[in-house]
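Derivation of every value follows stated rules applied to the coordinates shown; laboratory data play no part. Note that this is a predicted model, so its numbers are computed, not measured. Ideal geometry is used to build each Cβ from the backbone, glycine not excepted, and the neighbour counts take in all protein chains shown.
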Amino acid sequence: MSATTTETHELATRARRLQLAAIYHAGSGHPGGSLSCTDLLVWLWQNAYREAVPNDAAGGEQFILSKGHAAPALYAVGAEFGLMTRDEALTLRKLGSPCQGHPHVVDLPWTGASTGSLGQGFSVGVGKALAMKHRKLAGFVTVILGDGELQEGECWEAAMSAAHHKLGNLIAVVDYNKLQSDDWNSAICGLEPLTDKWRSFGWRVLEVDGHDYDELDRVFAEARDGCSPAPTCIIAHTHKGQGVSFMEDSPLWHGSVCLTEEQLRDSLRDLGTPDDEINSWLEGSAPRG
Amino acid sequence: MVEATQTEAPTLIGKSGDSMREAFGHALVELAGEREDLVVLDADIAGGTGVHNFRDACPERFFQFGIAEQNMMAVAGGMASMGLRPVVTTFAVFCLRAVEQARLSIAYSKRKVLIAASHPGLDVGPDGGSAQCFEDMAAYRAIPGMTVLSPADPVEMRLATRAAIAHDGPVYMRTGRSPVRRLFDETHQFAIGRGTQLRDGTDVTLVACGVEVARALDAAELLAADGVSARVVNMPSIEPVDHELLAACARETRAFVTAEDHSVRGGLGSAVAESLATHLPRPIQFVGMRDEFGTSAEPDELAAHYGIDAHGIAAAARLALTR
Ligand SMILES: Cc1ncc(C[n+]2csc(CCOP(=O)(O)OP(=O)(O)O)c2C)c(N)n1
Ligand SMILES: [Mg+2]
């Protein structure tokens with residue numbers, strides 16, 4: 001693991017602690033799907049959004065969390081990258097907080113789109129990509145989608161239109177944790193063969209381990225090479241609840257759950273959090289540093 | 001490393017207590033024993049809508065569509081055309097997503113389908129503005145032939161579910177996630193198109209549906225303390241509304257307040273206003289969401305924030321009586 005990869009891992013661990021503490025203090029929220037896309041978000045903020053915050057209407061990088069229930073991860077990563085304070089991220093779901101249960105673009109313009117109704121963020125992403133192409137603006141639109149979300153017909157309408165309009169500037173990342181709300185995708189409404197589906201809709205498809213930063217470097221480099229006239233789908237194989245052993249790959253932790261003090265303590269320990277920091281998270285203030 | 005056994009399973013929000021969704025789920029199980037044709041459709045939120053009860057009891061009559069509400073809605077129309085009695089279940093906000101399918105493939109086609117919407121209005125609380133639906137009753141009420149119901153407690157929910165399944169036409173019915181106060185005992189009666197007077201009063205009539213009924217009863221207490229006599233009417237049938245009962249109240253009280261966990265446009269308030277304007281006009285104040293979206297917080301906290309709690313209803317009554 002390179003030095004930068006270690007640094008990225010540390011950032012992701014901090015973001016995981018913060019989102020879990022936020023869900024605990026909110027008394028509700030979706031830990032499973034938040035943890036599964038945290039590494040994807042960290043990679044994007046660490047690399048693609050280093051120069052400028054995404055979602056400037058004047059152009060440049062655009063980003064949408066279409067699986068809006070993973071908002072705690074987005075806010076936590078936003079806080080780690082200085083878009084808000086950690087204490088602000090801890091106001092998740094509270095009256096008057098800009099950190100609503102699902103991202104709201106009016107409260108937080110850098111979220112790019114108001115989401116929470118699955119499928120719509122993807123279409124909004126197609127709209128952004130189409131406008132950028134039309135206005136000859138540089139930059140990529142990256143949309144993170146849930147796998148269960150792909151059951152929405154709207155996703156395939158969006159996919160078809162993006163290929164038709166040759167949106168080479170659009171990247172759809174599927175957080176393929178194989179679980180959705182009540183059960184495994186395969187038990188609810190099977191998605192396979194998923195790669196073939198995207199290909200047959202006219203997309204370039206790349207696959208990756210969504211928790212491996214070196215692999216993410218490689219796959220995003222290819223997705224962002226600017227060579228493809230077709231939009232790119234990155235199928236990121238992930239684990240729901242990644243980082244917290246008792247949440248991993250379990251439908252129970254999809255949400256919306258109320259974490260007990262014990263559960264927060266156990267999950268923070270699992271993330272290697274020192275005891276004094278755990279107490280600080282439990283009290284509702286972010287540890288310094 | 002923490003052992004999986006060391007950490008208990010999570011507590012799902014709103015799972016405990018006496019909620020309308022649980023009453024709805026149990027009513028479906030009861031009905032399943034009475035009619036062979038009853039089938040339930042879900043879009044990956046059975047645990048949220050209360051139909052996990054039905055899924056466990058009658059797995060062969062439970063159909064899973066995944067996160068695809070528009071498809072599910074029109075599929076229900078198709079199943080109804082082939083001798084089944086479908087119940088479509090999802091959250092209110094996602095019923096909104098499939099309004100056009102409900103219009104064409106269910107109502108326009110005269111299919112008998114029950115569309116049951118959990119998590120309406122502020123009930124989703126912390127999920128925030130994107131999930132809080134205040135437009136569903138307005139949208140569904142505008143569809144020709146669509147009955148719109150919003151029962152007030154678990155007892156009434158059971159009766160309304162039975163009535164909706166027996167009804168000769170499509171029905172849109174709100175259920176609810178949060179535990180609610182019991183208002184009725186087993187002698188309670190329910191009929192589509194009928195409301196019930198829960199408290200007598202001579203100055204003003206408070207007409208409410210869903211979770212607002214309990215709040216209207218509390219408002220009547222607040223008003224009584226001020227010497228204002230408020231009548232409370234439970235109106236679980238928003239379309240058709242109980243014209244006779246409203247006309248009687250218009251004769252016997254001077255003013256009206258309507259209260260709903262919904263936009264003041266197009267729901268109960270509009271139904272009552274249209275009825276009174278046609279039959280016996282009276283001053284009305286509308287309690288509900290104004291021209292705005294919701295935000296994250298607990299449902300009761302939000303009810304106070306948006307003025308749709310007992311204090312908001314009482315204030316509206318005082319204002320109505322000055323007009
Ligand atoms: C249109 C719509 N229908 C239903 C829901 C309720 N819901 C929220 S999350 C979820 C499951 C999502 O599964 P997936 O997309 O796989 O997300 P992840 O596993 O990454 O959490 C459902 C059904 C929703 N948010 N939007
Ligand atoms: Mg998933």
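Quick one: net charge of A:ALA12's neighbours, Cβ under 9 Å, K/R +1, D/E -1? Charge balance near A:ALA12 sits at -1. Placing +1 on each Lys and Arg Cβ and -1 on each Asp and Glu Cβ, with no other charges, gives chain A a dipole about its Cα centre of roughly 1040 debye. By the beta-carbon count within 10 Å of each Cβ, the least crowded to most crowded order of B:PHE63, A:PHE122, B:PHE91, A:PHE140, fewest first, is B:PHE63, A:PHE140, B:PHE91, A:PHE122. Among residues other than B:PRO120 with Cβ under 13 Å from its Cβ, the summed charge is -4 (Lys and Arg +1, Asp and Glu -1). Summarising the overall dimensions of the stretch A:166-289 from its C-alpha atoms, the Rg and Dmax are 18.6, 53 angstrom. Other residues within the sphere of radius under 15 Å centred on the Cβ of A:LEU130, judged by their own Cβ, net out at +4 (K and R +1, D and E -1).
Per residue, the average separation of C-alpha pairs within less than 8 Å and at least 6 apart gives chain B a relative contact order of 17 percent. With a 10 Å cut-off around each Cβ of B:70-80, the average count of Cβ atoms from other chains is 1. Taking the fewest neighbouring Cβ atoms within 10 Å as the starting point, the ordered list for A:HIS239, A:HIS254, B:HIS305 is B:HIS305, A:HIS239, A:HIS254. When the Cα centres of the stretch A:27-83 and the stretch B:44-76 are compared, how far apart do they sit, in Å? The two parts, judged by their Cα centres, are 32 Å apart.
A DSSP coil position with no more than 14 other Cβ atoms inside 10 Å describes the following trypsin sites (Lys or Arg not before Pro) in the stretch B:253-295: B:ARG254, B:ARG290. Could you tell me whether the protein assembly as shown comes out rounded, prolate or oblate from its Cα gyration tensor? Rule is a ≥ b ≥ c as square roots of the eigenvalues, rounded for a/c under 1.5, then prolate if a/b exceeds b/c, otherwise oblate. Note, shape of the protein assembly as shown comes out prolate. Under the simplified labelling scheme, the B:SER229-B:ASP200 pair shows an inter-label distance of 0.9 nm, with each label point 7 Å from Cα along Cα→Cβ. Derived value for the stretch B:163-291: Kirkwood hydrodynamic radius 15.0 Å. Basis is the mean of 1/r over every pair of different alpha-carbon atoms. Would the stretch B:68-178 count as rounded, prolate or oblate if I go by the C-alpha gyration tensor, calling it rounded below 1.5 in a/c and otherwise prolate when a/b exceeds b/c, oblate otherwise? In terms of gyration-tensor shape, oblate.
For the protein assembly as shown, a simple Cβ point-charge model (Lys and Arg +1, Asp and Glu -1, everything else neutral) yields a dipole of about 2020 debye relative to the Cα centre. The residue among A:HIS104, B:ALA142, B:THR175 whose Cα reaches farthest toward the positive pole of the charge dipole of the protein assembly as shown, with charges on the beta-carbon of Lys, Arg, Asp and Glu, is B:ALA142. Relative contact order of chain A: what whole-number percent is it, with Cα pairs under 8 angstrom and at least 6 residues apart? Computed over chain A, the figure is 23 percent.
Remark: A:SER2, A:SER123 ranked as A:SER2, A:SER123, counting other beta-carbon atoms within 10 Å and listing the fewest first. For GluC sites (Glu not before Pro), the sites in the stretch B:229-323 that DSSP calls loop and that have at most 11 other Cβ atoms within 10 Å are B:GLU292. Counting only DSSP beta bridges with both residues in the stretch A:98-246, the antiparallel share comes to about 5 percent. Would chain A count as rounded, prolate or oblate if I go by the C-alpha gyration tensor, calling it rounded below 1.5 in a/c and otherwise prolate when a/b exceeds b/c, oblate otherwise? It comes out prolate by the Cα gyration axes. Restriction of the GluC sites (Glu not before Pro) in the stretch B:30-105 to DSSP coil positions whose beta-carbon has at most 13 other beta-carbons within 10 angstrom yields B:GLU34, B:GLU36. The relative contact order of the stretch B:119-273 comes to 28 percent, based on Cα pairs under 8 Å that sit 6 or more residues apart. Of the residues B:LEU38, B:GLY77, B:PRO120, the one whose Cα sits farthest towards the positive end of the charge dipole of chain B is B:GLY77 (charges of +1 on Lys and Arg Cβ, -1 on Asp and Glu Cβ, taken about the Cα centre). The alpha carbon radius of gyration of chain B, expressed as a multiple of 2.2 N^0.38 Å, is 0.99.
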